[in-house]
1. Would you check if there is a residue in the stretch 121-131 being in a helix (DSSP H, G or I), more than 25 Å from residue 164 (Cβ to Cβ), without any contact (Cβ under 8 Å) to a residue 60 or more places away in the chain and more than 15 Å from the ligand (Cβ to nearest atom)?
2. Could you check how many residues of the stretch 99-113 are of a type in the set (Gly, Ala, Ser), assigned to a loop (DSSP other than H, G, I, E, B) and either touching a Ser or Thr at 6+ places or on another chain (Cβ under 7 Å) or more than 16 Å from the ligand (Cβ to nearest atom) (or both)?
3. State yes or no: is residue 185 modelled with pLDDT of 95 or more, more than 15 Å from the ligand (Cβ to nearest atom) and aliphatic (A, V, I, L, M)?
4. Looking at the stretch 253-296 only, could you name the residues that are open to solvent by 100 Å² or more (accessible area, probe 1.4 Å) and not charged (D, E, K, R)?
5. Go through the stretch 214-252 and give me each residue that's surrounded by fewer than 19 Cβ atoms within 10 Å (Cβ to Cβ) and of a type in the set (Asp, Glu).
Amino acid sequence: MSSHPSQISAAATTDRLPVTLPRLTEMKRLGDPIVMVTAYDFPSARAAEAAGVDMVLVGDSGAMTVLGYPSTVAVETDELLVLAKAVRRGLRTPFLVGDLPFGSYEVSDGQAIQTALRFVKEAGCDAVKLEGGGPASAARARAVVGAGIPVMGHVGLTPQTATALGGYRAQGKTAGAAARIADEAIALQDAGCFSIVFEAIPSDLAELLMVHIQIPVIGIGAGPAVDGQVLVFHDLLGIREGLGARFVKRYADLQDDMAAGVGEFAGDVRSRRYPLPEHGYAIDPSELDAFRQHLS
Ligand code: KIV
């Protein structure tokens, strides 16, 4: 490994205070947009830290972005914990949220508390996120909050149950569906969640809901009326094949850059343009002579 943690742009972050729950509440009160991004490893965490984002989510989207699963459904708690620990090592100031994977909290309040405790104790997360706002999810959120762990809710498109929702598509597009999302968001707020994610719902619906939600709302495909925005790290930096969802704005094309870089390396090796003398180590000529004699 060629770089040391202290060499990676720590300077930009040394004067910022860690983001806390009261700070997030204050940001909502002041109307300061809250910036959240996902991260899954040490370098993505360092990028989030250097950029000064407010919140980092170790999303179960990591199942797809870094682990190569076809959806978020299969990923195990142990796998996400490895990612969360690496992210924790790279962060100092953003508020860190760990995503509870599918199957790790639905069975009982006890199961939800035990999984949430692992994210806090083993990975050093400040909070956990769980999907859905139906009676079961709201009850789990209440139980985890009751155990002393801050919980972020997530309504609208909830990828863990995308099959039941009819696929990866915008939610809340009829009055009935919008009312269900409203009920879920309010149930999560009443359960004690400190924040809620609205994913892939009409902007007008999000705006109407904001009147009823007193906790910070972070949107992803929910328009501009919410308190903050989150994007998946790999989507916003173009570390993926294909364009992704309608709400993704791409700020770089790193997948192409990575492929081009590796391709150039391969070309250099095959044409013997790499390594050059400056990439090698020297030995004192007298030592080399001595070694030659030793060989003969
Ligand atoms: O897993 C994830 O990345 C998420 C965000 C899209 C909010 O849940």
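The values are calculated or read from the model by the stated rules, or taken from the named source; none is laboratory data. Here the structure is a predicted model, which is why all the values come from computation and not from measurement. A quick note on method: Cβ atoms are made from the backbone with ideal geometry, for glycine too, and the neighbour counts reach across all protein chains shown. What goes into the accessible areas is simple: the full protein's heavy atoms, side chains included, and nothing from ligands, DNA or RNA. Shrake-Rupley method; radii C 1.70, N 1.55, O 1.52, S 1.80 Å.
1. For the stretch 121-131, residues in a helix (DSSP H, G or I), more than 25 Å from residue 164 (Cβ to Cβ), without any contact (Cβ under 8 Å) to a residue 60 or more places away in the chain and more than 15 Å from the ligand (Cβ to nearest atom): present.
2. So the answer is 2.
3. Answer is no for this residue.
4. 265, 277, 281, 282, 291, 293, 294, 295, 296
5. Answer for the stretch 214-252, where residues must be surrounded by fewer than 19 Cβ atoms within 10 Å (Cβ to Cβ) and of a type in the set (Asp, Glu): just 241.
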